[in-house]
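Working notes, beginning with the structure itself.
The values are calculated or read from the model by the stated rules, or taken from the named source; none is laboratory data. Quick caveat: nothing in here was measured; it's all calculated off a predicted structure. Cβ: placed from backbone, ideal geometry, glycine included. Neighbour counts: every protein chain shown. Side chains included, ligands, DNA and RNA excluded: accessible areas come from the protein's heavy atoms. Shrake-Rupley method; radii C 1.70, N 1.55, O 1.52, S 1.80 Å.
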Amino acid sequence: MTDQTGLPKKYDAHSEEERLQKFWESEGTYRFDPESDRIIFSIDTPPPTVSGKMHMGHAFANSQQDFIARYKRMKGFNVLQPFGTDDNGLPTQTLIQKTKKVSARHMGRKEFRKLCHDTLEQELRPAYTLDWKRLGISCDFDVKYSTIDPHCQKISQKSFLDLYKAGRQYRMEAPAMYCPKCQTAISQVECIDIELDSFFNDITFNIGDENLTIATTRPELLPACVSVFYHPDDKRYQHLKGKMAKVPLFNHEVPIMEDPRADTEKGTGLVMCCTFGDSTDMEWQKAHKLPIREAIGRDGKMTALAGKYEGMKIEEARKTIIEDMKAVGLLTGQKPIKHTVNAHERCDTPIEFVHSKQWFVKYLDLKEDMLRWGGDFDWFPHHMKNRYDNWVQGLQWDWCVSRQIYFGIPIPVWYCKKCDEVIVAEEKDLPVDPLEDRPPVDKCPKCGCTDLEGESDILNTWATSSLTPTIVKELFKGKPCYDELISNPMSLRPQGHDIISFWLFNTVVKSNLHFEMKPWNDCFINGWMLDPKGKKMSKSKGNVIEPQQMMQKYCADALRYLAGGSKLGDDLSFQEKEMVAGQKMVNKIWNATKFAIMSLEGFDTSTKLEDVELRPMDRWALSKLQKVVGQATESFDKYEYSKAFAATTKLFWGSICDNYLEFCKDRLYNPDARGDKEKTAAQFTLYHLFNETLKMIAPIMPHITEAVYQLYFAEKEGVKSIHLAQWPEVQEHLLNEQAEVAGDILVDIIGAVRKFKSEKQVSLKKPVKLTVECDGEHREKIESAQKDLTSTANATEFSFGTGTIPLEDHENIKVSVELVEETG
């Protein structure tokens, strides 16, 4: 429905956002052009895990990433912003098993993988992608990948082969971190620290006639105990060196040894070494060549080594063993503690260490190089680099990349059943599945055995996700842009601070190991969206806020408005009032721009500045505009989108809507009294204020700005979309400090008049008598814009004289305001 001007009466956000998203898609507005010679700005976009639908963290982070993509596109760059999804590994396996109510183990790998592929392709990915489009994310959705597709499998397996040939990919039998719930090995990067309520249990070991007390939080590991240690300087226990201690309940004897890693202040100063309770146990076992006893199996249950406790889950075994020790007097005390343990980040299950054959990437010897690599690119914000450095300095193990799960990219190797020789795939055959495909040779090259078997483990998802720059570049092989892409770092990596040690670190490592090149020029680290109380959103806590519901209640631009107000890297507590403010901004843009468009009727937009006689408030407004253009451009160039948005929003609401529109109305409405030249000057100013301010708002709020741009400005500029329009440039000749000072005085005078009317509780249209007291210099400035001042204040009487109200920012200027009684 339109009004008398022919413009739509109301902005229907939901229907307009849907219409514009279809328009952008059909027009290819965000298409990357591989044939173009424009400078490429490439974004290593984070491939979200397909979990059914976009969550608030995605909406927050991807909006901030998109602000930069849209800005760079308007600056003339050929923006490459692909859309990838991380469909590989444990998260997808868990999701499919849950939603389809199946067991991967019982289905078999081949059938289960087909179910995963079909469900992702036909059900999950299309709906998932739609959420991103609905938010207005300006990816080129035709440049896409899935971390499980053949393209990614080939690149991931080639990475494995290249590292193997370089001597950095190796297989060995060793203690590996293991998740009993997910039943797979994990790497250090997949661990988080969680705090649990626990007990220090004082238990009694027997040494002949002497009893010793050892404090432990894990009595269920007693059957795996292989030694007791004390510190060499601890005089309390030096007499025990070389003796044997009997392990309570299980009665096998273990040697008592000294080692400087024993802590004299922890517990009783004695510590049992079990294979394996933690990394120190691993170090002791290796250093002292101790035997390996496995009390906990890969299923998270006690093994036959545990005797009558066999088959019990860890918690059950711990509880039962404590009760049994109490019954026979072997438990002498318990002390409640808060215990920090390593847990699997996917499920919060405390990890175990299981002795098994796993594949590793050798990189512990590169820690100094890693620190240097982290300084090769720029960090935004810079302090986030500390997280990278701390992670590198705390690395303790090589990277375990093999996983014992069913869905993922197969490790491209076969083994000789006789001598265990490793046989790797040939690059020309990639991608391969060793459980289905034949090996490249018919017999073992080492022993001649023909009995070869394929590897059943798959590669950890981060081993593939860490290759996203290569994955994206290789999509353009054979295209004109390929050589430029493949020989240079990507422009930007946007991501959350929580996965610096996951995705960012591993990408840096892979890029340098494979190409001796930094993966990107800049990294852009966003914070988290938290709940209203500042807590992490979690389904288990019941504090999840769905972005889909917020977009339905308000609109996509309102949600992006909220993200645009948060400084890069900062966590933000969700406040619905910001959604309300965003909706208000949408309505203000619509109504104010409609007013401007109506006021521009009959204006020739090709009018040059030299053909216009600007009035003082025109010069004031245009100078303010130039300053904000400069500020916004500088801020966006440093990824400080929130500063750019704050400056632009202040200009739009304060300088333009609250003031300039009021100052220029008399010239627009009364051209007979004010003259055509004054009207033309106001129209010229109005056109440039709105055209350029809308462009600066467009990266943050793309739908409403596109909607109003298409009402008028698109035709005038000959550009189909505001998002392909040229970003404003500072017009130095329009910067006018004196005009700004003069205009600010008039704005402050109008502010005093408005305040007076508000206190008197009368309409702002109520006529007044206005008196201004000032010196000669200021009087000249005021007189030059007196008509705009009196019309805006609705001052039927105006004079220079004695004032009573000092202006806040100009104390040497005073005003007096009196109501004028209307007659008639």
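How many of the residues in segment 423-433 are surrounded by 14 or more Cβ atoms within 10 Å (Cβ to Cβ) and either modelled with pLDDT of 95 or more or under 17 Å from LEU163 (Cβ atoms) (or both)? Adding up the residues that qualify gives 7.
When we screen ASN521, ASN526, ASN512 for residues that are touching a Ser or Thr at 6+ places or on another chain (Cβ under 8 Å) and in contact (Cβ under 8 Å) with a residue 60 or more places away in the chain, the only hit is ASN521.
Of the numbered criteria (1) in contact with a Leu (Cβ under 8 Å, 6 or more places away or on another chain); (2) open to solvent by 70 Å² or more (accessible area, probe 1.4 Å); (3) among the small types (Gly, Ala, Ser), the one GLY602 fails is (1). Is it the case that GLU808 is in contact with a Gly (Cβ under 9 Å, 6 or more places away or on another chain), surrounded by fewer than 14 Cβ atoms within 10 Å (Cβ to Cβ) and over 30 Å from ASP557 (Cβ atoms)? When the stated conditions are applied, GLU808 passes them. As a summary of the residue check, LYS577 satisfies the conditions (1) open to solvent by 60 Å² or more (accessible area, probe 1.4 Å); (2) farther than 28 Å from ILE137 by Cβ; (3) at pLDDT 95 or above; (4) of a type outside the set (S, T, N, Q) except for the one numbered (2).
Against the condition in contact (Cβ under 8 Å) with a residue 24 or more places away in the chain and part of a strand (DSSP E or B), how does TYR145 come out, does it pass? Judged against the criteria, TYR145 is a match. If we scan segment 478-498, do we find a residue that is touching a Lys or Arg at 6+ places or on another chain (Cβ under 9 Å), among the polar types (S, T, N, Q), in contact (Cβ under 8 Å) with a residue 60 or more places away in the chain and buried (at least 17 other Cβ atoms within 10 Å of the Cβ)? Within segment 478-498, one or more residues are touching a Lys or Arg at 6+ places or on another chain (Cβ under 9 Å), among the polar types (S, T, N, Q), in contact (Cβ under 8 Å) with a residue 60 or more places away in the chain and buried (at least 17 other Cβ atoms within 10 Å of the Cβ). Name the one entry in GLU173, GLU195 that is under 19 Å from ILE292 (Cβ atoms), of a type outside the set (A, V, I, L, M, F, W, C), under 49 Å from the mean Cα position of the chain (by Cα) and surrounded by fewer than 16 Cβ atoms within 10 Å (Cβ to Cβ). Just a single option satisfies the conditions, and that option is GLU173.
Looking at segment 505-572, the helices (runs of 4 or more DSSP H) lying wholly inside it that each contain 3 or more residues that are touching a Phe, Trp or Tyr at 6+ places or on another chain (Cβ under 9 Å) and either open to solvent by 40 Å² or more (accessible area, probe 1.4 Å) or under 30 Å from TYR11 (Cα atoms) (or both) sit at 556-564. Whenever a residue of segment 799-823 is of a type in the set (Lys, Arg), its partners that are open to solvent by 90 Å² or more (accessible area, probe 1.4 Å), lying with C-beta atoms within less than 8 angstrom and at least six residues away or across chains, give the pairs LYS814/THR802; LYS814/THR804.
Tally the residues that are surrounded by fewer than 20 Cβ atoms within 10 Å (Cβ to Cβ), touching a helix residue (DSSP H, G or I) at 6+ places or on another chain (Cβ under 9 Å) and assigned to a loop (DSSP other than H, G, I, E, B), restricting the search to segment 247-269. Of the residues in that region, 5 qualify. Taking HIS344 as meeting all but one of (1) over 41 Å from the mean Cα position of the chain (by Cα); (2) closer than 30 Å to ARG493 by Cα, write down the number of the exception. Unmet condition: (1).
Filtering segment 357-403 to residues that are in contact with a His (Cβ under 9 Å, 6 or more places away or on another chain) and open to solvent by less than 50 Å² (accessible area, probe 1.4 Å) leaves only MET384.
Selection of segment 56-81 for residues being within 23 Å of GLU729 (Cα to Cα) and open to solvent by 10 Å² or more (accessible area, probe 1.4 Å) yields LYS72, ARG73, LYS75, GLY76, PHE77.
Within segment 678-701, is there a residue that is touching a Lys or Arg at 6+ places or on another chain (Cβ under 8 Å), open to solvent by 20 Å² or more (accessible area, probe 1.4 Å) and in a helix (DSSP H, G or I)? So far as segment 678-701 goes, yes, one or more of its residues are touching a Lys or Arg at 6+ places or on another chain (Cβ under 8 Å), open to solvent by 20 Å² or more (accessible area, probe 1.4 Å) and in a helix (DSSP H, G or I).
If we keep just the residues of segment 277-294 that are under 15 Å from ASN342 (Cβ atoms) and outside any helix (DSSP H, G or I), which is most open to solvent (accessible area, probe 1.4 Å)? Among those residues, the one meeting the criterion is ASP278. Residue check: LYS769 meets all listed conditions (1) basic (Lys, Arg); (2) in contact with a strand residue (DSSP E or B) (Cβ under 6 Å, 6 or more places away or on another chain); (3) without any contact (Cβ under 8 Å) to a residue 40 or more places away in the chain but one, namely (3). Scanning segment 702-727 for residues that are open to solvent by 10 Å² or more (accessible area, probe 1.4 Å) and assigned to a loop (DSSP other than H, G, I, E, B) yields GLY718, VAL719, LYS720, GLN726. Total residues in segment 199-246 satisfying the condition of being part of a helix (DSSP H, G or I) and either in contact (Cβ under 8 Å) with a residue 12 or more places away in the chain or open to solvent by less than 30 Å² (accessible area, probe 1.4 Å) (or both): the figure is 8.
Screening LEU90 against (1) in contact with a Ser or Thr (Cβ under 8 Å, 6 or more places away or on another chain); (2) free of Cβ contacts under 8 Å to residues at least 12 places away in the same chain leaves a single unmet condition, (2). Checking each residue in segment 14-58 for being under 30 Å from ASN591 (Cα atoms) and modelled with pLDDT under 95 picks out only MET56. In the set THR29, THR45, only one residue is in a loop (DSSP other than H, G, I, E, B), of a type outside the set (Phe, Trp, Tyr) and more than 19 Å from the chain's Cα centre (by Cα); that residue is THR29. Exactly one residue out of LYS769, LYS781, LYS755, LYS787 is in a helix (DSSP H, G or I) and touching an Asp or Glu at 6+ places or on another chain (Cβ under 8 Å): that is LYS787. Of the residues examined, VAL815 is not one that is at pLDDT 90 or above, among the aliphatic types (A, V, I, L, M), surrounded by fewer than 16 Cβ atoms within 10 Å (Cβ to Cβ) and over 48 Å from the mean Cα position of the chain (by Cα). Cβ-Cβ contacts under 6 Å between residues 6 or more apart (or on different chains), taken from a first residue in segment 547-568 that is more than 13 Å from ASN62 (Cβ to Cβ) and aromatic (Phe, Trp, Tyr) to a second residue that is in a helix (DSSP H, G or I) and open to solvent by 10 Å² or more (accessible area, probe 1.4 Å), are listed as TYR554/GLN583. Selection over segment 790-805 of residues that are part of a strand (DSSP E or B), surrounded by fewer than 18 Cβ atoms within 10 Å (Cβ to Cβ) and at pLDDT 90 or above gives a count of 5.
Conditions (1) touching a Leu at 6+ places or on another chain (Cβ under 7 Å); (2) under 26 Å from PHE505 (Cβ atoms); (3) modelled with pLDDT under 95, marked per residue:
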| residue | (1), (2), (3) |
| --- | --- |
| ILE409 | yes, yes, yes |
| PRO439 | yes, no, no |
| LEU467 | no, yes, no |
| THR470 | no, yes, no |
| ASP483 | no, no, no |
| ASN488 | no, yes, no |
